[in-house]
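J.: Okay, here's the structure, questions in a sec.
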Amino acid sequence: MKMMSRKMAFRGLQVSDFIHSQELAAKDSLVNSPAGKKFVKTFGDLNLKLYKTITEGTYVRLHSQAAPSLFRILKDVCRILDYRETELPEIYVYHAMDHTARPCSADHTYIVMADYVLQSYDEDMLYYILGNAVTMILAGHVKMTTAAAYMGASRLLLLPQLEFKRYLHFADATSDRGGLLACQSFAAAARCHLFELGLPPAESRKLFSTDEQAAAFVTQYIKEAESGGQKNNLMTDLAAKWIRANYIEAPGEEMLKDLLDWYQTEYPTLIQKYRGT
């Protein structure tokens, strides 16, 4: 991988500096809801099942000797986000065409990612998704992301509960912001989101290279997506309801718009606050 210039560290960074304004209220609502009570009842079994999948080899632990560049990035992400644990999170990989890295929990916390990510992402994109994962750990999202992994992969909890989904939307928005703080490149963050939406990084690099170009592209992309929906409001409304009922995460365009809005409004202030710390 190509070596990048040293990135700014946020010494003393608190999740409260960039948490989504609605995350805590959504978490409180979830805890007191039927979905939250169902989650508490089933999570013990989830832990055991997840640990079993690891020991049976569904996930394979990746060691620093096998991927020194990846662990160098993870170590630097921990420096940037002021992650103060004495040891880096372990990394496990599995074979799939997934686009994310997620922290999970069994008897300890670790990061799970698809081998497809290692093959497809450039260095700044890896900073983004590892920053996203480390932020989930810092923000206390791990139990929820462990449960979400099972909700998305099985019928264990049947259709996702609305309270669960609402919390995850805001929690994911918070972790996306942490990913941006780690990579310090809106272009890289946009490439990650657009890749999930079907645009390969090689193609997005042809469309934009700087943060300014990426912001302009994403603004136009969202505008066209929204105007396209206005032409067929009934079908768009039905599709949105179906997605919200059957998928864990919010639609990709919404998450990208959330991140763009934060990048253009609050991100510069946070950079200025921590510059020189």
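J.: Excluding Y116 itself, what net charge comes from residues whose Cβ is under 15 Å from its Cβ, given Lys and Arg +1 and Asp and Glu -1? Don't skip to the answer; put the middle values down first.
T.: Values: positive: R102, R191; negative: D98, D115, D122, E196.
Net charge in that neighbourhood comes out at -2.
J.: Right, another one. Sort the following peptides by mean Cβ neighbour count (other Cβ atoms within 10 Å, averaged over residues), highest first: 178-187, 110-119, 125-134.
T.: So the order, starting with the most tightly packed, is 125-134, 178-187, 110-119.
Readers should treat all values here as calculations from the given coordinates under stated rules, not as data from a laboratory. Predicted model, so just to flag it, every value in this text is computed and none were measured. As a convention, Cβ positions derive from the backbone with ideal geometry for all residues, glycine included, and neighbour counts pool all protein chains shown.
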